[in-house]
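Below is one structure, written out as structure tokens; comments come after it.
The values are calculated or read from the model by the stated rules, or taken from the named source; none is laboratory data. Predicted, not measured: the structure shown is a model, and the values here were computed from it. Using ideal geometry, Cβ is built from the backbone for each residue, glycine included, and neighbour counts are taken over all protein chains shown. Side chains are part of the model used for accessible areas, which takes the heavy atoms of the whole protein and leaves out ligands, DNA and RNA. Shrake-Rupley method; radii C 1.70, N 1.55, O 1.52, S 1.80 Å.
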Amino acid sequence: SYRLELPSSLKKRGIHDVFYVSLLRVHEPNDDRLFPGRMDSQVFDLGKNDDEWAIDKLVSHRGQGVDSVFEAVWRSGDRTWVPHSTIAHLDALEAYLDLLGV
């Protein structure tokens with residue numbers, strides 16, 4: 001096992017600083033030619049603690065109530081459908097419902 005020196009922001013998030021050697025890999029930085037514009041700040045901003053993950057906004061939905069699914073636009077530009085239970089606590093859901101007048 002190895003103990004890594006982690007930033008205090010990661011420790012506050014509950015990231016443990018001891019890792020088994022079999023889980024460690026050599027760091028390979030992002031290849032911008034293969035994945036253009038996919039910076040780490042687009043995927044997960046360690047400086048923020050807003051529990052917004054990487055969802056930029058919600059643009060549509062299907063279904064009703066807790067059985068509904070929402071089309072999410074991520075900071076990376078990708079779009080996916082996510083269930084209500086996954087995003088119920090996010091500000092993006094509240095903003096989307098406000099736009100609908102709900």
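Using the Karplus curve 6.51 cos²θ - 1.76 cosθ + 1.60 with θ = phi - 60°, what ³J(HN,Hα) values do you get for each residue of region 12-23, in whole Hz, with x for Gly and Pro?
Per residue, the Karplus-derived 3J(HN,Hα) values read 5, 7, x, 6, 6, 9, 10, 10, 5, 4, 5, 8 Hz.
Excluding ligands and nucleic acids, what accessible area in Å² is computed for V66 using a 1.4 Å probe, to the nearest 10?
110 Å²
Using label points projected 7 Å from each Cα along Cα→Cβ, tell me how many nm separate R25 and Y2, to one decimal.
If labels sit at R25 and Y2, their model points lie 1.4 nm apart.
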